[in-house]
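What follows is a short report on a single structure.
The values are calculated or read from the model by the stated rules, or taken from the named source; none is laboratory data. Please read all numbers here as calculations on a predicted model, not as lab measurements. With ideal geometry, Cβ positions are generated from the backbone for all residues, glycine too; neighbour counts draw on all protein chains shown. Surface areas here come from the heavy atoms of the whole protein model, side chains and all, with no ligands, DNA or RNA. Shrake-Rupley method; radii C 1.70, N 1.55, O 1.52, S 1.80 Å.
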Amino acid sequence: MKSAILNLLRDEGEEVSGEVLSKELGTSRVSVWKHINGLREAGYVIEASSRGYRLTSSPDLLLGWEFPERGKKFQHFTTVDSTMDVARVLADGGAEGGTVVVAESQNRGRGRLSREWFSPRGGIYFTLILRPEIAPAYAPRMNLMASVAVARTLRNLLGLDARLKWPNDVLIEGRKVCGILAEMGAEMDAVKFINIGVGINANLSIARYGEKAASLKDFKGTQVSRKDILNSLLEEMFRQQSLLTTGDLLEEWKSLSATLNREVRIETIGGEIAGRAVDIDSNGALVIKGKDGSLRTAFAGDCFHL
Ligand code: BTN
């Protein structure tokens, strides 16, 4: 109901009478009034006059009713420890594939390799629960899928030159704007769920990371719409899922890559691999050519562009 009210008020751009709202929505004027008050409590400024209701501003929050097409599969929190933890409990409890857990901020945001993910307000933090019907062997491709989806969204929506750093960072002008963390629940021969966590530095001030990281707003020179980014990104992630088992996904990752054809150093659990990044294999592992011409494969680790 709240998203329908917002749509009507936004479409009109000026006053809409309580009578028209209740007719359009097939509900009583009292019910319209209650929902208007609910929206006001959430931070929407809705003026009331003798001519009706007028929406004058909306809060910059990723509230469920701003994403009506996701229905009940969208869970919004003001703050959580980590959307990964919430999503795991939901996935273990049988939540449907396509469920999204979003938080305005996280107290213990988690990054790859047990690092902290700085998660103050202004960023986009979510975990998408997917239940793909694939063998566990295909699971690493989920990371590729998600990073390609982020890069495509930032390119198409904001016109930014987003590129991919292996394994799954999204960079703009060499600075990290997004990180991706995937967790899986599986049996030997079947994936039960894959939770993909995405953190995007949208409207943050992150000077503390120096040249390493940046926010989308730094490149646009103005605040970006987190709502539009999240909406487009979720659509893109659902679309990209159909490419999971085809070679198209790898080709697209390669075309967006900032790592391929560069000298790199990869720190893995088993030691260091240095050389030229020449390819990624069908599971997203990086193929590195050493000075002696030998090829080595890195499955996971920290990648440094030299
Ligand atoms: C990385 O280290 O690059 C991955 C960062 C992933 C951060 C996101 S924010 C939403 C989700 N919740 C978390 O605690 N982490 C992921």
(request) Output the qualifying pairs, or none if there are none: Cβ atoms under 7 angstrom, residues six or more apart or on different chains, first residue in the range 234-251 and at pLDDT 80 or above, second residue open to solvent by 50 Å² or more (accessible area, probe 1.4 Å). (result) Glu236/Arg152; Leu250/Ser282
(message) Can you name every one of the strands (runs of 3 or more DSSP E) wholly within the range 224-306 that holds 3 or more residues which are of a type in the set (Gly, Ala, Ser)?
(response) 271-280
(request) For the range 90-122, enumerate the residues that are in contact with a Leu (Cβ under 7 Å, 6 or more places away or on another chain), more than 13 Å from the ligand (Cβ to nearest atom) and more than 15 Å from His76 (Cα to Cα). (result) Gly97
(request) Scan the range 75-85 and give yes if some residue there is touching an Asp or Glu at 6+ places or on another chain (Cβ under 8 Å), more than 24 Å from Asn203 (Cα to Cα), free of Cβ contacts under 8 Å to residues at least 40 places away in the same chain and not charged (D, E, K, R), otherwise no. (result) no
(request) Quickly run through the range 99-110 and pick out the residues that are small (Gly, Ala, Ser), open to solvent by 10 Å² or more (accessible area, probe 1.4 Å) and assigned to a loop (DSSP other than H, G, I, E, B). (result) none
(request) Take the range 123-143 and flag every residue that is of a type in the set (Ser, Thr, Tyr) and either near the ligand (Cβ under 9 Å from one of its atoms) or within 14 Å of the chain's Cα centre (by Cα) (or both). (result) Tyr125, Thr127
(request) Could you list, in sequence order, all residues of the range 279-293 that are more than 19 Å from Asp169 (Cβ to Cβ) and over 26 Å from the mean Cα position of the chain (by Cα)? (result) Lys289, Gly290, Lys291, Asp292, Gly293
(request) Taking the options Glu235, Glu187, Glu183, Glu211, name whichever one is under 19 Å from Tyr125 (Cα atoms) and open to solvent by 80 Å² or more (accessible area, probe 1.4 Å). (result) Glu235
(request) Go through the range 167-203 residue by residue and tally those that are farther than 20 Å from Ser257 by Cβ, touching a Phe, Trp or Tyr at 6+ places or on another chain (Cβ under 8 Å) and within 15 Å of the ligand (Cβ to nearest atom). (result) 3
(message) Anything in the range 1-36 that is of a type outside the set (D, E, K, R) and loosely packed, with under 12 Cβ neighbours inside 10 Å? List them, or say none.
(response) Gly13, Gly26, Ser28, Val30
